[in-house]
Amino acid sequence: MSVQLLYFAWLRARIGRGEEELELPPAVRDVAGLLEFLRSRGGRYAEALADLSVVRVAVNQDYVERDHPVRGGDEVAIFPPVTGG
Amino acid sequence: MIRVQREDFDIGAELDRLAAGNPRIGGIASFVGLVRDFNLEAGGDDRVSALTLEHYPGMTEKKLAEIEAEAHRRWPLDAALIIHRYGRLEPGDRIVLVATASPHREAALAACHFLIDWLKTDAPFWKSEETPRGERWVEQRAQDDAARKGWR
């Protein structure tokens, strides 16, 4: 299955791109699995996602926890805690 | 009403429009957020010459609409407005306007405070500061999270 990934703020800067479509292995079923898969790609991904305590995730534009399922066609956004206002 | 825009806004004109044509409204409360020239976490030592606000188009509007709907559920408001800017801004520039209108001041004031507190933790915006030591991403403040939880 493939998902649309979006990166924001310093995660976008460190990964070096704002979005990409990615084919996920069948073992990836939830947000935690997706983050592990991205880290396993190494390089910029491993570096940007080294500390997952400062990483937030939204699936289809809603904040979700790590056990939230990830399905084909989902829009998954990965970003640091928000700082607007 | 929600607006996410690059352009500045006219506070007087926005507040006038909020109450226009509704003589039930007895008061408008508003909060205006500005770009300051120092970073709170750096203890004021780090001068900030500009700020760039990035956001998540689509989710930003969705979250702001949810926050606005929550304010309407909690207080008897006749109107509410959130305008949030993005892009590069300089010290003194307006970032955000929150305004609420109600027959009575209590609802307007409380809802306005609620909206800016929730907006800070729930709306997907990120600030990057230009300082003499280079660009740095602003970190979330624990006080902001505590302020939001205070409304539960």
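Quick notes
- With respect to (1) under 19 Å from residue A:63 (Cα atoms); (2) surrounded by 20 or more Cβ atoms within 10 Å (Cβ to Cβ); (3) in contact with a Phe, Trp or Tyr (Cβ under 9 Å, 6 or more places away or on another chain); (4) more than 14 Å from chain A (Cβ to nearest Cβ), the lone exception for residue B:107 is condition (1).
- Criterion violated by residue A:40 - all others in (1) surrounded by fewer than 17 Cβ atoms within 10 Å (Cβ to Cβ); (2) touching a residue at least 12 places away in the same chain (Cβ under 8 Å) satisfied: (2)
- Residue satisfying all of: in segment A:38-63; in a loop (DSSP other than H, G, I, E, B) and within 11 Å of another protein chain (Cβ to nearest Cβ); farthest from residue A:79 (Cα to Cα) among these: A:60
- Exclusive hit being without any contact (Cβ under 8 Å) to a residue 24 or more places away in the chain, closer than 23 Å to residue B:52 by Cβ and touching a strand residue (DSSP E or B) at 6+ places or on another chain (Cβ under 6 Å), set B:137, B:126: B:137
- Test result for residue B:113, within 28 Å of residue B:12 (Cα to Cα), modelled with pLDDT under 95, out of contact with any helix residue (DSSP H, G or I) (no Cβ under 7 Å at 6 or more places or on another chain) and not β-branched (Val, Ile, Thr): no
- Among the residues making up segment B:8-55, those that are over 15 Å from the mean Cα position of the chain (by Cα), away from chain A (no Cβ under 14 Å) and among the β-branched types (Val, Ile, Thr) are B:25, B:28.
The values are calculated or read from the model by the stated rules, or taken from the named source; none is laboratory data. Note that the structure is a prediction, hence the values are computed from the model and not measured. So basically every Cβ, Gly included, is an ideal-geometry build from the backbone, and we count neighbours across all protein chains shown.
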